Amino acid sequence: MRRTHPRAIGEIMEDMVARTGLRPELQRHTAESAWPLVAGQHIAAFTRCVVLRGRTLHVYLNSAALKEELGYSRDTLRERINEIVGEDLVDNVAIH
C-alpha cells in the first residue's frame with residue numbers, strides 16, 4: 001500500500017499505540033514517572049515506590065512527617081498528575 005502524503009511521526013506512533021493495545025500501560029508508566037515533576041525533587045528523594053493500581057496512585061514514602069503533610073494535598077497532587085497524563089486517569093492518591 002503506497003501513501004501519497006507523508007505522515008508525522010507522532011501520528012504514526014499514536015496509530016501504533018492504538019492498534020497494539022499499549023495505551024493503558026503507557027498511561028500507567030506516564031502517571032508513575034510524573035511523580036518527581038508533581039511532588040518536586042526533594043520529596044521524590046524520600047519516595048520509595050510509586051505504583052498505579054486501578055485508578056489509585058500509591059506513593060510509598062520514608063518520612064512519616066512527609067506522609068502527614070502530603071496527606072493534606074492529595075487533591076492537588078491528583079489534579080496535577082491528571083494534567084500531565086492528559087486525562088482523568090487517577091481518582092485517588094494513597095500515601096503510605
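Determine whether region 89-96 contains at least one residue that is out of contact with any Leu (no Cβ under 7 Å at 6 or more places or on another chain) and without any contact (Cβ under 8 Å) to a residue 24 or more places away in the chain.
no
Taking His58 as the residue in question, decide whether it is part of a strand (DSSP E or B) and either within 23 Å of Asp91 (Cβ to Cβ) or open to solvent by less than 30 Å² (accessible area, probe 1.4 Å) (or both).
Values: part of a strand (DSSP E or B): yes; either within 23 Å of Asp91 (Cβ to Cβ) or open to solvent by less than 30 Å² (accessible area, probe 1.4 Å) (or both): yes.
So His58 passes the test.
Restricting region 78-96 to residues that are open to solvent by less than 60 Å² (accessible area, probe 1.4 Å) and of a type in the set (Val, Ile, Thr), which is farthest from the chain's Cα centre (by Cα)?
Taking the candidates together, the pick is Ile95.
Scan region 5-27 and give yes if some residue there is in contact with a strand residue (DSSP E or B) (Cβ under 8 Å, 6 or more places away or on another chain) and modelled with pLDDT of 90 or more, otherwise no.
From region 5-27, those in contact with a strand residue (DSSP E or B) (Cβ under 8 Å, 6 or more places away or on another chain) are none; that's our starting set.
No, that holds for no residue.
Among the residues of region 14-36, are any at positive phi, open to solvent by 30 Å² or more (accessible area, probe 1.4 Å) and over 15 Å from the mean Cα position of the chain (by Cα)? Give the derivation first.
So the first thing to find is which residues in region 14-36 are at positive phi, and the list is 21.
Going one step further and asking which of them are open to solvent by 30 Å² or more (accessible area, probe 1.4 Å), we end up with 21.
Now drop any that are not over 15 Å from the mean Cα position of the chain (by Cα), which leaves 21.
Yes, that holds for at least one residue.
The values are calculated or read from the model by the stated rules, or taken from the named source; none is laboratory data. These figures come from a predicted structure and were not determined experimentally. Cβ sites come from the backbone with ideal geometry, for glycine too, and all protein chains shown count toward neighbours. Quick note on the areas: whole protein, heavy atoms, side chains included, nothing else; ligands and nucleic acids left out. Shrake-Rupley method; radii C 1.70, N 1.55, O 1.52, S 1.80 Å.
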